[in-house]
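Undergrad: Provided herewith is a single structure, encoded as structure tokens, for subsequent inquiry.
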Amino acid sequence: MAHNGIDVAGLAAAVTGHVAVPGDDGYDAECATYNPYTPLRPAVVVGAVSGRDVALAIRFAGEHGLPVGTVTTGHQARGVDGGVLINLRRLNRVSVDLEARTARVGGGALWAEVLAATTPHGLAPVHGSAPGVGATGYLLGGGQSPTLGRRHGYGADTIRSVEIVTADGSARRVTADSDPDLFFAVRGGKGNFGVVTAVEIALFPVARFYGGAVFASGADAPALLHAWRTWAPALPESATTSVAVQRLPPDPALPAPLRGAFVVALRFAYVGDPAEGEALFAPMRAVVPLLVDGVLDRPYAEVGLIHADPPGPLPYVDRTAGLRELPAEAVDALLALIGPGTDCPLAGVELRALGGALDRQPEPPNAVATRGMPFVLFGFGVGGPDALPGLRSHLARVTDAVAPWAHDRKMVNFMSASDENDVRAAYGDEIFERLAKIKQVYDPENLFRANHNIPPG
Ligand SMILES: Cc1cc2nc3c(=O)[nH]c(=O)nc-3n(C[C@H](O)[C@H](O)[C@H](O)COP(=O)(O)OP(=O)(O)OC[C@H]3O[C@@H](n4cnc5c(N)ncnc54)[C@H](O)[C@@H]3O)c2cc1C
């Protein structure tokens, strides 16, 4: 069993899970990504079933001088051509400690699997908008929640310990006390420091929320966005909101007024007394006529309905920008490219309001670099290869249009897998240089470079 002169027979014999090289049965399935525009073509893929498999794969890569990448969903996977890919999807065990209010989450578990284990107990993690996203990938990149972040911080702030296999192939349980530098780095530094086989996170008592999304005609986007701009920053920390201008597909699963429609979606979540949530949201219900009103008191298990992100797979390109402010001129600049009467080809452009606990450094501090950023913008376009140049150039026009108000950092989790990104700028010099020094200690050969890379320095 060999590929490009690399003999993987010994690895295949040692690993309990599945090992495949190009042309083998199962290779394509192990390498599959959510987005076909970010394909993964490694020399060898290991479908790991244990931390031991992960360690064997990393040692094999180290011996052959090959880069290592991971895939759980492939939402943000970076090319690992000719290297070793570790599919983590089978490391999806979730166990909940009710007394400590923590969960131990396998490195390949999805948020849907974590929520299924916690919500029956009236507990929730600081999860993201899409239940289909990998929990560990989200947590390691910061992790901005549509419900709990403004109250409890970034997902990374809730990490108590990580079980990680570093570049030397050794498995460690890393805490604030055991390895302070590595604990700083993994909480925000994403996959640069090793492969995380499990992570222990805090859970919070929450059984219900008041929220969901309302939709209005895209023609009303100017009125709604301008109202949102001043309403959102005044909300208490128990409330979270985002707004998205969307060109929806003609999907029969969508309710009739939304099918194939140009709309603006206003998302809201309030964790607390539903009557208080209703009162906070009332001003926005009155701004423009609503096509669909889906903001109501809900069991926590319905959190995925706030954003109703497409379950995929989806051929898309995306871009993000952080904003340091959102004056009326910035909203107008955006609307001139994505609002009514424009030729905008993008499926969605959204603004999320941040703030609250997201601005506070946890104890001990971590590598999340976007504290103090009040808004994040994310846009994406869906289409075949012929549409790509138009989608990419419109995304660039959108981020250029908000450049006068751009923050100098970017949210790592929203950085495109397909486009080049300035990783140093996303973290800022100080955090980037600290991470590079820690990388020099734990991954001096930059084995983990199939990612938004922080080279050893
Ligand atoms: C529909 C959608 C909604 C989203 N909503 C949010 C949101 O609300 N808030 C937010 O913060 N982000 C959000 N994201 C971004 C998401 O958190 C990132 O894309 C994240 O990287 C996805 O992780 P994954 O494991 O699913 O993807 P993958 O592509 O499988 O992994 C991405 C990268 O993460 C790293 N990684 C993942 N798992 C591990 C591990 N166990 N050990 C080491 N490195 C690892 C690797 O570098 C890997 O290349 C969203 C993404 C999508 C597609």
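Undergrad: Can you find, within segment 31-59, the residue that is nearest to the ligand (Cβ to nearest atom) among those that are assigned to a helix (DSSP H, G or I) and buried (at least 23 other Cβ atoms within 10 Å of the Cβ)?
TA: Checked segment 31-59; the qualifying residue nearest to the ligand (Cβ to nearest atom) is V54.
Undergrad: Is it the case, given these coordinates, that N92 is more than 8 Å from the ligand (Cβ to nearest atom) and in contact (Cβ under 8 Å) with a residue 40 or more places away in the chain?
TA: In short, no.
Undergrad: What residue, of A269, A221, A234, is within 21 Å of F375 (Cβ to Cβ) and either surrounded by fewer than 18 Cβ atoms within 10 Å (Cβ to Cβ) or free of Cβ contacts under 8 Å to residues at least 40 places away in the same chain (or both)?
TA: Exactly one of A269, A221, A234 is within 21 Å of F375 (Cβ to Cβ) and either surrounded by fewer than 18 Cβ atoms within 10 Å (Cβ to Cβ) or free of Cβ contacts under 8 Å to residues at least 40 places away in the same chain (or both), namely A234.
Undergrad: Looking only at segment 373-402, which residues are in a helix (DSSP H, G or I) and in contact (Cβ under 8 Å) with a residue 12 or more places away in the chain?
TA: A387, L388, G390, L391, R392, H394, L395, A396, R397, V398, T399, A401
Undergrad: While we're here: Does segment 402-421 contain at least one residue that is modelled with pLDDT of 95 or more, of a type in the set (S, T, Y) and open to solvent by less than 40 Å² (accessible area, probe 1.4 Å)?
TA: no
Undergrad: While we're here: Checking the structure you have, find out if any residue of segment 383-401 is within 16 Å of the ligand (Cβ to nearest atom), in contact with a strand residue (DSSP E or B) (Cβ under 8 Å, 6 or more places away or on another chain) and within 21 Å of G355 (Cβ to Cβ).
TA: No.
Undergrad: Another question, then. Which one is most open to solvent (accessible area, probe 1.4 Å) among residues in segment 129-168 that are among the β-branched types (V, I, T), near the ligand (Cβ under 8 Å from one of its atoms) and in contact (Cβ under 8 Å) with a residue 60 or more places away in the chain?
TA: The extreme case among them is V133.
Undergrad: Could I ask something else about it? State all residues of segment 251-270 that are part of a loop (DSSP other than H, G, I, E, B) and either within 21 Å of D220 (Cβ to Cβ) or modelled with pLDDT of 95 or more (or both); if no residue qualifies, say none.
TA: Of everything in segment 251-270, those that are part of a loop (DSSP other than H, G, I, E, B) and either within 21 Å of D220 (Cβ to Cβ) or modelled with pLDDT of 95 or more (or both) turn out to be L254, P255, R259, G260, A261.
Undergrad: Give the residues of segment 309-342 that are open to solvent by 50 Å² or more (accessible area, probe 1.4 Å), over 30 Å from T33 (Cα atoms) and touching a Leu at 6+ places or on another chain (Cβ under 6 Å), sorted by residue number.
TA: none
Undergrad: May I pose another question? How many residues does segment 434-457 hold that are under 23 Å from the mean Cα position of the chain (by Cα), within 14 Å of the ligand (Cβ to nearest atom) and open to solvent by 30 Å² or more (accessible area, probe 1.4 Å)?
TA: Matching residues across segment 434-457 total 2.
Undergrad: Next question. For G212, all conditions in the list (1) touching a residue at least 60 places away in the same chain (Cβ under 8 Å); (2) under 29 Å from V295 (Cα atoms); (3) open to solvent by less than 20 Å² (accessible area, probe 1.4 Å); (4) outside the structural domain of V263 (by TED's automatic domain parsing) hold save one; what is the number of the exception?
TA: Status for G212: all satisfied but (4).
The values are calculated or read from the model by the stated rules, or taken from the named source; none is laboratory data. Since this is a predicted model, take the numbers as computed values, not measurements. When we count neighbours, we look across all protein chains shown, and the Cβ atoms used for this are built from the backbone with ideal geometry, even at glycine. These accessible areas exclude ligands, DNA and RNA; they are computed on the full protein's heavy atoms, side chains included. Shrake-Rupley method; radii C 1.70, N 1.55, O 1.52, S 1.80 Å.
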